[in-house]
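The values are calculated or read from the model by the stated rules, or taken from the named source; none is laboratory data. Note that the coordinates shown come from a computational prediction; the quantities given were computed from them, not determined experimentally. Note: ideal-geometry Cβ built from the backbone for every residue, glycine included; neighbour counts use all protein chains shown. Note: areas computed on protein heavy atoms with side chains; ligands, DNA, RNA excluded. Shrake-Rupley method; radii C 1.70, N 1.55, O 1.52, S 1.80 Å.
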Amino acid sequence: MKKVDFIIVGQGLAGACLALRLLNKGKTVWVMDQPQSNRCSKVAAGLFNPITGMGIVKTWRAEEIFEELFEFFPKAEAQLKASFFYPMHLYRPFQTIEEQNNWMAKTADKGQNKFVKAVYTSSAYPHIHNSYGGIEVNQSGYLDTNAFLSALTRRLLSLDSYSEENFRQDLLSIRDNTVEYKGVEARKIIFCTGVASLSPYFDWLPIRQLKGETLNISFSERPDVIYNKGVYVVPTSESAVYKAGATYSLSDLSPACTPEGRQELADKLSALLKDPFQILKQEWGIRPTTVDRRPILGPHPEHSNLVIFNGLGTKGVSLAPYFSNQLANWLTGEGEIHKEVNINRFKPLYSRS
Ligand SMILES: Cc1cc2nc3c(=O)[nH]c(=O)nc-3n(C[C@H](O)[C@H](O)[C@H](O)COP(=O)(O)OP(=O)(O)OC[C@H]3O[C@@H](n4cnc5c(N)ncnc54)[C@H](O)[C@@H]3O)c2cc1C
C-alpha cells in the first residue's frame with residue numbers, strides 16, 4: 001500500500017497552496033483533482049488588492065495576509081520554475097466628489113496609507129473617466145492562476161503525487177488515526193473542493209454559492225496599472241488582452257454565461273474606459289463564500305482525520321497563501337487554527353443536521 005502524510009482532494013487555489021506548503025515542510029501528499037472547465041480558480045482574474053469595497057477600506061487582516069502573499073508566490077515561482085506573480089499598482093478613481101472628500105478626511109489612518117502610493121484630486125490617467133482623481137494602491141497586482149495551477153500540477157506529477165480523477169465517497173475508509181483511499185493510506189484527507197462538490201461529511205457547512213462572470217477584452221491602450229472602478233481591468237497572459245470583471249449573483253446560479261452578465265460588465269466598462277473596446281470572450285464560475293465572509297478551516301467534528309479548507313470567497317488569491325500556512329502548521333502540529341476561521345464556529349449547525 002502507498003503511504004503518504006496527507007491526501008488532498010481538489011487542486012484549485014486552496015488545494016494548490018496547501019499542497020505546496022506541505023511539500024515545503026517535507027511532507028508527502030497525494031492530490032486528486034477533477035478539472036472542470038469552469039472551476040473558479042481558473043476563471044478568476046487573479047486580482048489581489050489590499051484596499052477594497054465601496055468604502056475604499058483596508059481589507060480584513062491586510063498586513064499579515066499581504067505580507068504572506070508577497071512571500072509565498074515569488075518563492076513558489078522560484079520553486080516551480082514558472083512565472084505567474086505580477087505585482088502592479090491599482091488605480092481606483094473616485095466615483096464622486098463626496099467620495100474624494102471622504103477619502104481625504106480619512107488619510108490620517110496611517111495603517112491604510114501604507115497601501116496607498118498616491119492620491120490624485122484630478123484626472124491622473126487620460127484614457128479613463130476619472131475627473132475626481134483617485135487613489136493608486138500599493139501591494140496590488142494579479143496572479144496568473146492558470147500558470148500557477150499548471151506549474152504545481154507538473155511538480156506533483158513529477159513526484160508521482162497527482163491523479164486526475166473524481167473523488168468517490170464510497171471508496172474512502174476512515175480509521176482511528178488514518179484514512180485509506182484506493183490503496184493510498186494517509187494521516188488525514190483534506191477537502192479543498194470549492195463549491196463543485198462538498199463531501200457528505202461537510203455538506204452541513206453554510207457555503208454559499210456566488211456566481212461571477214468576466215469578459216476578456218482588448219482595447220488600444222496598454223495601461224501600466226490595473227483600473228478598478230465598479231469593474232476591474234486586469235492584464236492576462238495574452239498580450240493586449242485584459243480580463244474585466246466581475247458580476248456577483250446569489251440568485252442566478254445557472255452553469256452558463258448570460259447576456260445580462262455581459263451587458264452589466266459592458267456598461268461598467270463604458271463608464272470607465274474612454275477608448276472603444278472589443279469583447280473577445282465571456283466566462284463564468286461559482287465562488288465558495290461563507291455567511292461571515294471568512295474561510296473555513298479545520299477537522300470534522302467527529303472524524304478528526306477529515307479536514308476542510310474552503311470558503312475563500314471573492315479573495316482566493318490573497319487568502320490562500322496565509323490560510324494554507326495556518327492549516328499546514330496545524331496539520332503538522334506546529335500551530336493553531338484561528339478562531340475566526342475555525343470550523344468550530346459552525347459546530348452548532350452540525351449537531352442540528
Ligand atoms: C468570475 C470570478 C472571478 C474571480 N476573480 C477573482 C480575483 O480576481 N481575485 C481573487 O482573489 N479571487 C477571485 N475569484 C474567487 C476565487 O476564484 C476563489 O476564491 C478561489 O478560486 C476558490 O478556490 P478553491 O480552491 O477553494 O475552489 P475551486 O477553484 O473551485 O477549486 C476546487 C477544485 O476541486 C475540484 N473538485 C471538486 N470536487 C471534486 C471531486 N469530487 N473530486 C476531485 N476534485 C474535485 C474542482 O474541480 C476544482 O479543481 C473569482 C471567482 C470568480 C467566479
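Annotations
- Residue match in region 25-44 (condition: among the polar types (S, T, N, Q), under 21 Å from E77 (Cα atoms) and near the ligand (Cβ under 6 Å from one of its atoms)): yes
- Pairs where the first residue, in region 151-176, is farther than 17 Å from G15 by Cβ and the second is among the polar types (S, T, N, Q) and not in a helix (DSSP H, G or I), C-beta under 8 Å, 6+ apart: Q169/S199; I174/N305; R175/N305
- Note on region 228-258: residues that are surrounded by 19 or more Cβ atoms within 10 Å (Cβ to Cβ) and either farther than 25 Å from P288 by Cα or in contact with a His (Cβ under 9 Å, 6 or more places away or on another chain) (or both) total 1.
- Filter result (open to solvent by 40 Å² or more (accessible area, probe 1.4 Å) and more than 27 Å from F70 (Cα to Cα)) within region 326-353: N344, R345, K347, P348, L349, Y350, S351, R352, S353
- Pairs where the first residue, in region 323-343, is under 15 Å from R61 (Cβ atoms) and the second is among the hydroxyl-bearing types (S, T, Y) and crowded, with 22+ Cβ neighbours inside 10 Å, C-beta under 9 Å, 6+ apart: none
- Filter result for G134 (in contact with a Pro (Cβ under 6 Å, 6 or more places away or on another chain), of a type outside the set (V, I, T) and within 11 Å of the ligand (Cβ to nearest atom)): no
- Residue match in region 86-97 (condition: assigned to a helix (DSSP H, G or I) and more than 11 Å from the ligand (Cβ to nearest atom)): yes
- Selection status of D292, closer than 30 Å to I128 by Cα and open to solvent by 50 Å² or more (accessible area, probe 1.4 Å): no
- Pairs with Cβ under 8 Å, 6+ apart, first in region 77-88 and closer than 17 Å to T236 by Cα and of a type in the set (F, W, Y), second in a strand (DSSP E or B) and at pLDDT 95 or above: F84/L143; F85/G141; F85/L143; Y86/G141; Y86/Y142; Y86/L143
- Residue in region 275-322 that is nearest to I51 (Cα to Cα), counting only those that are among the aromatic types (F, W, Y) and assigned by TED's automatic domain parsing to the domain that holds E336: Y322
- Residue in region 58-80 that is in a strand (DSSP E or B) and either crowded, with 16+ Cβ neighbours inside 10 Å or touching a Ser or Thr at 6+ places or on another chain (Cβ under 8 Å) (or both) present: yes
- Selection within region 252-299 - within 15 Å of the ligand (Cβ to nearest atom), among the polar types (S, T, N, Q) and at pLDDT 95 or above: T258, Q282, T289, T290
- Complete set of residues in region 300-320 that are among the hydroxyl-bearing types (S, T, Y) and more than 11 Å from the ligand (Cβ to nearest atom): S304
- Any hit, region 190-211, residues being at pLDDT 95 or above and away from the ligand (no atom under 14 Å from the Cβ): no
- The residue that is farthest from the ligand (Cβ to nearest atom), among those in region 213-227 that are open to solvent by 50 Å² or more (accessible area, probe 1.4 Å) and in contact (Cβ under 8 Å) with a residue 40 or more places away in the chain, is S220.
- Condition check for W103: farther than 30 Å from I174 by Cα and open to solvent by less than 40 Å² (accessible area, probe 1.4 Å): yes
- In this structure, F323 does satisfy being assigned to a helix (DSSP H, G or I), within 16 Å of the ligand (Cβ to nearest atom), among the hydrophobic types (A, V, I, L, M, F, W, C) and open to solvent by less than 10 Å² (accessible area, probe 1.4 Å).
- Any hit, region 21-35, residues being out of contact with any helix residue (DSSP H, G or I) (no Cβ under 6 Å at 6 or more places or on another chain), crowded, with 23+ Cβ neighbours inside 10 Å and part of a helix (DSSP H, G or I): no
- Filtering S122, S150 for residues that are open to solvent by 30 Å² or more (accessible area, probe 1.4 Å) and more than 16 Å from the ligand (Cβ to nearest atom) leaves a single hit, S122.
- Test: residue in region 4-11 that is in contact (Cβ under 8 Å) with a residue 12 or more places away in the chain and of a type in the set (D, E): yes
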